[in-house]
1. At 0.36 nm per residue, and after removing the present C-alpha to C-alpha distance, how many nm does the segment from S212 to K122 gain when stretched out fully?
2. Over region 17-93, give the accessible area per residue in Å² for a 1.4 Å probe, as an integer.
3. Counting helices only, and only those DSSP H runs with n ≥ 4, report the 222 nm mean residue ellipticity of the chain as the sum of -39,500 (n - 2.57) divided by its residues, in deg cm²/dmol to the nearest 500.
4. Any idea what the alpha-carbon Rg over 2.2 N^0.38 Å comes to for region 26-129?
5. Leaving out ligands and nucleic acids, note down the accessible area per residue over region 130-208 with a 1.4 angstrom probe, in whole Å².
6. Pairs of alpha-carbon atoms within less than 8 angstrom and 6+ residues apart define the contacts here; what relative contact order does the chain have, in percent?
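The values are calculated or read from the model by the stated rules, or taken from the named source; none is laboratory data. What you see is a predicted model, and the numbers here were worked out from it, not measured in a lab. Heads up: the accessible areas ignore ligands, DNA and RNA and are worked out on the full protein's heavy atoms, side chains in. Shrake-Rupley method; radii C 1.70, N 1.55, O 1.52, S 1.80 Å.
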Amino acid sequence: MTSVVSVLSSSQIGLLSTKQIGQLSTSDIASLTTAQSVGLTSTQIASMSSADIVSLSSAAVALFTQSQTQALNSSDIQALGAGVASLNVGFLTTVQVAALSTTQIEAMSGFNTAQTQALSTKTIQALGTNVAALNTAMLSNAQVAALTTAQLGSLTTALSTAQTQAITTANIAALGTNVASLTTAMLTTAQVAVLSSAQVGSLTSNSASALSSTQIGALSSAAVSGLTLSGLNTAQ
């Protein structure tokens with residue numbers, strides 16, 4: 001049927017019923033030019049198999065409109081593999097983003113807040129230190145709480161107060177002297193209470209002076225020995 005398909009215009013392609021689309025072989029679909037593929041409707045795309053979707057050229061996929069992109073189901077998204085990067089990221093639904101593999105996520109950029117927060121905590125952890133490529137400010141408190149100490153140490157953008165306070169006390173303790181990369185004033189008294197003397201000692205004078213009297217009062221007796229008195233202000 002390839003010879004017949006080859007003479008159809010993009011508008012004619014769009015007029016084919018889903019039954020007719022279903023009668024096309026994967027090789028027929030693969031033979032569609034970029035110009036013809038543009039004519040596929042969202043209804044037609046939704047009726048196509050994942051194998052058919054994968055057979056489309058990356059140039060064709062790159063021209064998918066929002067409705068065409070959102071016609072792809074989770075299986076289609078996963079089947080595209082690295083080719084998913086050809087899609088317009090901004091068109092993906094949160095359900096589609098949630099279906100992405102870590103390899104696919106690492107090949108993409110430009111996720112918005114809703115899309116970022118659609119990633120499961122399991123996926124966030126599986127990203128390893130590549131999580132730093134995401135926009136840190138868009139991470140939910142639950143996602144931040146799921147980060148490993150290695151991931152927390154890899155972040156290059158400061159966490160908000162809510163995000164900082166979402167870090168478990170176990171992770172605060174496990175961060176070691178890397179805790180100094182956090183904004184000290186944002187730590188809860190429960191988080192401060194698990195700091196070791198080495199962690200307290202690792203704080204810069206500016207960070208130490210940012211400790212409130214309440215936070216200092218929460219320090220364990222062992223941690224107090226790590227305080228650098230020159231780093232404290234007179235109000236403390």
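1. Numbers: separation 90, 0.36 × 90 = 32.40 nm, distance 3.51 nm.
Extra length from S212 to K122 when fully extended: 28.9 nm.
2. Values: 3240 Å² over 77 residues.
Per-residue value: 42 Å².
3. Values: 23 runs with 118 residues, N = 236.
Taken over the chain, the calculation gives -10000 deg cm²/dmol.
4. 1.06
5. 41
6. Working: 326 pairs, mean separation 23.7, N = 236.
Value for the chain: 10 percent.
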